[in-house]
Amino acid sequence: MRKYSVLFFLIMFMIGTDTFLISPLLPTLQAEFGVPTGIAGWMLGAYTLGSAVFALIAGPLSDGWNRRTVLLGGLLGFSVSTALCGFAWDFWSMCLFRILAGVSAAFTAPQVWASIPAVVPGPRAAKAMGLAYAGLAASQALGVPIGSGLAAAHWSVPFWSVGAVSLLLAIGAYAMLPDMKPSLRAGERTSILGRYVPLATSGKARSGFFAYLLLHLGGGTAFAFVGKWMADRFELPVGQIGVVMVFLGLGNLLGSTVSAYAARKLGNKGAVAAGMTFVAALYAILPHLTALPAVTAVYLAIFAALGVVFPLVMGALTSLNAS
């Protein structure tokens with residue numbers, strides 16, 4: 001079953017790389033398309049907005065379809081739309097292709113999590129899940145810097161590379177994965193809206209998911225403009241921005257490995273409260289730092305704290321309602 005674990009790791013690695021790829025490229029693309037900073041951020045926001053909106057329906061909708069077919073379709077769409085980003089001729093065409101890539105990712109990623117229990121035996125499923133999540137963390141530590149290095153040749157090269165590798169993964173998935181048809185009978189299916197009713201009527205779920213939204217909103221906003229800020233403050237080219245981002249990814253990996261230990265020592269609520277207080281303090285300090293090594297060290301600490309917090313928050317959210 002190792003082949004499935006490797007396949008799912010690589011799929012999540014490519015999705016994660018594409019998600020974060022725009023941040024170090026933002027100064028280059030802003031200059032290429034001649035747009036102000038306040039507008040340029042939509043080149044990253046377009047992807048995540050498309051992914052977020054369609055994630056609400058992609059998972060429940062695909063429960064009634066063959067997961068292998070959905071996964072293959074999502075991967076092919078992801079490959080083509082990401083490659084098209086490399087051919088974008090202006091700001092609006094880039095945003096369009098980024099939206100399409102986000103929508104494709106929204107259909108692909110849920111199939112990975114849902115397919116693992118179907119193709120990996122029970123005792124090994126948890127390990128395969130962890131390896132797939134590691135693909136996301138590794139993409140920030142390795143995929144984004146690699147993309148930044150490729151962008152030194154031309155900004156289009158990272159998009160073409162991600163598209164090409166994703167196409168190869170689609171071919172591999174076609175060859176390896178079996179059909180995974182739904183087991184539910186027509187009378188057992190629940191409407192998409194019906195699946196969210198238990199959460200919408202729960203006070204804990206409403207407040208918990210709202211807090212989770214704010215956590216992502218803050219972290220995502222800060223991360224989106226990391227590349228732009230480093231280019232302006234320290235005059236770094238795209239390749240060196242990618243090197244700094246290695247430490248963001250390493251911090252995330254480090255935090256996720258000690259998350260369970262922090263929860264045992266402080267308790268889940270204590271670890272989350274301490275982690276978020278620590279992150280807030282470091283973000284307040286960060287804009288006043290003038291030395292690049294100090295900035296890199298603070299980013300490492302911030303993303304290590306977030307790496308501790310995110311698994312605990314996800315565990316709390318998934319415990320609200322089993323279905």
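The values are calculated or read from the model by the stated rules, or taken from the named source; none is laboratory data. Note that this is a predicted model, so its numbers are computed, not measured. All Cβ positions, even for glycine, are placed from backbone atoms using ideal geometry, and neighbour counts span all protein chains on display. Calculation scope for accessible area: heavy atoms of the full protein, side chains included, ligands and nucleic acids excluded. Shrake-Rupley method; radii C 1.70, N 1.55, O 1.52, S 1.80 Å.
The ellipsoid that matches the Cα gyration tensor of the stretch 202-323 has semi-axes, each √(5λ) in whole angstrom, of 29, 15, 12, with the longest given first. Compute the FRET efficiency between residue 66 and residue 290 as 1/(1 + (r/R0)^6), taking r as their Cβ-Cβ distance and R0 = 41 Å, and round to the nearest 0.05. It comes out at approximately 0.15. When each of the peptides 82-90, 41-49 is scored by how many other beta carbons lie within 10 Å of its residues on average, the order from highest to lowest is 41-49, 82-90. For the chain, a Gaussian network of Cα nodes joined below 10 Å ranks 106, 175, 274 by mean-square fluctuation, and the top entry is 175.
Remark: the stretch 206-323 carries a charge dipole of roughly 380 debye about the Cα centre, counting +1 on each Lys and Arg Cβ and -1 on each Asp and Glu Cβ. Taking a ≥ b ≥ c as the square roots of the eigenvalues of the Cα gyration tensor, the stretch 248-301 is classed as oblate, since a/c reaches at least 1.5 and a/b does not exceed b/c. Dividing the summed -39500 (n - 2.57) terms of all DSSP H runs of n ≥ 4 by the residue count of the chain sets its mean residue ellipticity at 222 nm at -27500 deg cm²/dmol.
So which DSSP H runs in the chain come out at 18 Å plus along the axis (Cα) with average Kyte-Doolittle of at least 0.0? Walk me through the intermediate numbers first.
Numbers: long enough: 2-20 (27 Å, 1.05); 42-62 (28 Å, 1.36); 67-85 (27 Å, 1.12); 91-119 (41 Å, 1.25); 122-138 (24 Å, 0.56); 157-176 (28 Å, 1.71); 203-224 (31 Å, 0.65); 238-266 (40 Å, 1.16); 268-285 (26 Å, 1.22); 292-318 (39 Å, 2.08).
Qualifying helices: 2-20, 42-62, 67-85, 91-119, 122-138, 157-176, 203-224, 238-266, 268-285, 292-318.
Can you give the percent of C-alpha pairs in the stretch 1-100 whose distance is more than 20 Å?
Working: 2174 of 4950 pairs.
Across the stretch 1-100, Cα pairs with separations above 20 Å total 44 percent.
What number comes out for accessible area per residue over the stretch 1-141 if the probe is 1.4 Å? Units Å², please. Don't skip to the answer; put the middle values down first.
Values: 5540 Å² over 141 residues.
Using a 1.4 Å probe on heavy atoms only, each residue of the stretch 1-141 averages 39 Å².
A protection proxy built from the mean count of other Cβ atoms within 10 Å ranks the segments 266-273, 210-217, most packed first, as 266-273, 210-217. In a reduced charge model with +1 at each Lys and Arg Cβ and -1 at each Asp and Glu Cβ, the chain shows a dipole moment near 1140 debye about its Cα centre. So what is log10(I(q)/I(0)) for the stretch 43-170 at q = 0.10, 0.13, 0.19 1/Å, when the Debye sum runs over its Cα atoms only? Calculated log10 I(q)/I(0) at the listed q: -0.34, -0.57, -1.14.
When the chain is modelled as a GNM with alpha-carbon springs shorter than 10 Å, which of 23, 202, 166 fluctuates the most? Residue with maximal mean-square fluctuation among 23, 202, 166: 202. Split the accessible area of the stretch 9-141 by element, probe 1.4 Å, and carbon with sulfur accounts for 76%.
Using unit Cβ charges (K, R positive; D, E negative) and no other charged atoms, how large, in debye to the nearest 20, is the dipole of the stretch 1-144 about its Cα centre? Don't jump to the answer; show the numbers that get you there.
Details: 7 positive and 4 negative charges, 136 e Å.
I would put it at about 660 debye.
When a/c reaches 1.5 or more, the comparison of a/b and b/c decides; with that in mind, is the stretch 151-265 rounded, prolate or oblate per its Cα gyration tensor? Oblate, because a/c is 1.5 or more while a/b does not exceed b/c.
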